[in-house]
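*Asks:* My questions all concern the structure below.
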Amino acid sequence: MESFGYILGAAALVICYTLAKKVAKLERVMKEAGLLGTGKQSLREIIEKNLGKTGTLRMEEKSIFDFEMPSKCRFEDIDEEWLLITDLKKGKRNLIRINAIKSVQLH
């Protein structure tokens, strides 16, 4: 009987994990469609006005990036979906999806 409880518990954890991934994917799709995060357009305009300047980005989800977000970066270029930044410390360039940016602090 005890092993049956462990099996049910493990199954519940797997189901919760898969549902959480599906919800995150649905939120991302809704943001890309413009149904959530209506402030992203104005954020893009703010960054576009400050190209060439330095700032700090705060991201929605840190785990989706395969690089460490720089503390200070220069905003190089921007289009409808992407922002090109240069890490001032390492000199590396990275592309970041605008929808993944939570806030910008200009220096």
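The values are calculated or read from the model by the stated rules, or taken from the named source; none is laboratory data. As the structure is a prediction and not an experimental result, all values here were calculated from the model. Using ideal geometry, Cβ is built from the backbone for each residue, glycine included, and neighbour counts are taken over all protein chains shown. What goes into the accessible areas is simple: the full protein's heavy atoms, side chains included, and nothing from ligands, DNA or RNA. Shrake-Rupley method; radii C 1.70, N 1.55, O 1.52, S 1.80 Å.
*Asks:* Identify the residue in the stretch 68-88 that is in a loop (DSSP other than H, G, I, E, B) and within 20 Å of Lys31 (Cβ to Cβ) and, among all such residues, is most open to solvent (accessible area, probe 1.4 Å). Working first, answer last.
*Replies:* In the first step, residues of the stretch 68-88 are kept if they are in a loop (DSSP other than H, G, I, E, B); the result is 68-72, 79-81, 88.
Still in the list and also within 20 Å of Lys31 (Cβ to Cβ): 69, 79-81.
Working: Met69: 46, Asp79: 76, Glu80: 133, Glu81: 94 Å².
Filtering the stretch 68-88 for residues that are in a loop (DSSP other than H, G, I, E, B) and within 20 Å of Lys31 (Cβ to Cβ), the one most open to solvent (accessible area, probe 1.4 Å) comes out as Glu80.
*Asks:* Assess whether Ala10 counts as being aliphatic (A, V, I, L, M), within 20 Å of the chain's Cα centre (by Cα), at pLDDT 80 or above and part of a helix (DSSP H, G or I). I'd like the intermediate steps shown before the answer.
*Replies:* On the way: aliphatic (A, V, I, L, M): yes; within 20 Å of the chain's Cα centre (by Cα): no; at pLDDT 80 or above: yes; part of a helix (DSSP H, G or I): yes.
No, not satisfied.
*Asks:* Moving on to the next point. Consider only pairs whose beta carbons are under 9 Å apart and that are at least six residues apart or on different chains; among these, list those whose first residue lies in the stretch 45-59 and is of a type outside the set (S, T, N, Q) and whose second residue is surrounded by fewer than 13 Cβ atoms within 10 Å (Cβ to Cβ) and in a loop (DSSP other than H, G, I, E, B).
*Replies:* Pairs that qualify, where the first residue is of a type outside the set (S, T, N, Q) and the partner is surrounded by fewer than 13 Cβ atoms within 10 Å (Cβ to Cβ) and in a loop (DSSP other than H, G, I, E, B), are Lys53/His107; Gly55/His107.
*Asks:* Taking the stretch 89-103 as the search range and keeping residues that are open to solvent by 100 Å² or more (accessible area, probe 1.4 Å) and at pLDDT 85 or above, which one is nearest to Leu57 (Cα to Cα)?
*Replies:* Leu95
Per-residue answers, yes or no, for (1) in contact with a strand residue (DSSP E or B) (Cβ under 9 Å, 6 or more places away or on another chain); (2) at pLDDT 65 or above; (3) not β-branched (Val, Ile, Thr):
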site: Ala33; (1), (2), (3): no, yes, yes
site: Gln41; (1), (2), (3): no, no, yes
site: Glu45; (1), (2), (3): no, yes, yes
site: Leu57; (1), (2), (3): yes, yes, yes
site: Phe65; (1), (2), (3): yes, no, yes
